[in-house]
1. Can you tell me which of (1) in a helix (DSSP H, G or I); (2) over 37 Å from the mean Cα position of the chain (by Cα) is the one LYS58 doesn't meet?
2. Keeping to region 53-83, report how many residues are at pLDDT below 90 and aliphatic (A, V, I, L, M).
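The values are calculated or read from the model by the stated rules, or taken from the named source; none is laboratory data. What you see is a predicted model, and the numbers here were worked out from it, not measured in a lab.
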Amino acid sequence: MLNWRRDPGYEQSIVLHEQRMKQLECDILRVRSDSERSKERTKLIEKETEQLKQMNAKERALSASIKRLCFPPESSSTPQAPIEPVSKPFLPS
């Protein structure tokens, strides 16, 4: 006859193993979820970046129009000769 005794820590090791498996399954689901959220954030950032590029292009075009309208080429930085007055101002003595 065999002298067989059950390992006293067997049930505990099975429970710990099951808990670890459940934890790993939760970790896998979390990583997948994080990955999906990361993809969504990346798409959102790409969309916002494209919108900002378009807004910057519009701003540059508007800025060029404003400069062209408010500062025409004839108002260049070359100073014009001062106009001489027809008569001299009256200076009291």
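1. (2)
2. Total satisfying the criteria: 3.
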